[in-house]
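This report refers to the structure that appears directly beneath it.
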Amino acid sequence: MAIGKFVHIGVDLVLLTTAMAGIRRATGLKFKAESVSDSKDVQGYIESYLNIGEKALDIASVQMSNSPNYFTRK
């Protein structure tokens, strides 16, 4: 039961950071890691977390472009 909860939280965190990556790409607004902490280590962890969303968004974009029957460009 505990493993399922960890997986659920992990998926939620990836979805959150993927949404943040989409917002960044669409609007140019970027999260400032410096606003959370002055520690370079914490800022590095935040940047690594946000990069997970960037990679997830890239993977989703590639998968969508490889499925022309379902997705088309404007």
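The values are calculated or read from the model by the stated rules, or taken from the named source; none is laboratory data. Because the structure is a prediction, the values reported are computed rather than measured. Here the Cβ is made from the backbone with ideal geometry for all residues, glycine too, and neighbour counts use every protein chain on show. Remember, those area values only see protein heavy atoms, side chains included, never the ligands or the DNA or RNA. Shrake-Rupley method; radii C 1.70, N 1.55, O 1.52, S 1.80 Å.
Accessible area of the chain with a 1.4 Å probe: how many percent of it is carbon plus sulfur? For the chain, the apolar C and S fraction of the accessible surface comes to 64 percent. Pairs of Lys residues in the chain that lie 8 or more places apart, or on two chains, and have C-alpha atoms under 19 angstrom apart add up to 4. Other residues lying with their Cβ under 15 Å from the Cβ of Val42 contribute a combined charge of -2, Lys and Arg counting +1, Asp and Glu -1. Average accessible surface for the chain: 84 Å² per residue, computed with a 1.4 Å probe over protein heavy atoms with every protein chain in place. Charged side chains reduced to their Cβ positions (Lys and Arg at +1, Asp and Glu at -1) give segment 1-61 a dipole of some 160 debye around its Cα centre. Evaluate the Debye formula for the chain with equal point scatterers sitting on the alpha carbons, no solvent, and hand back log10 of I(q)/I(0) at q = 0.14, 0.23, 0.25 Å⁻¹, in q order, two decimals. Ignoring solvent entirely, the Cα scatterers give -0.59, -1.07, -1.13.
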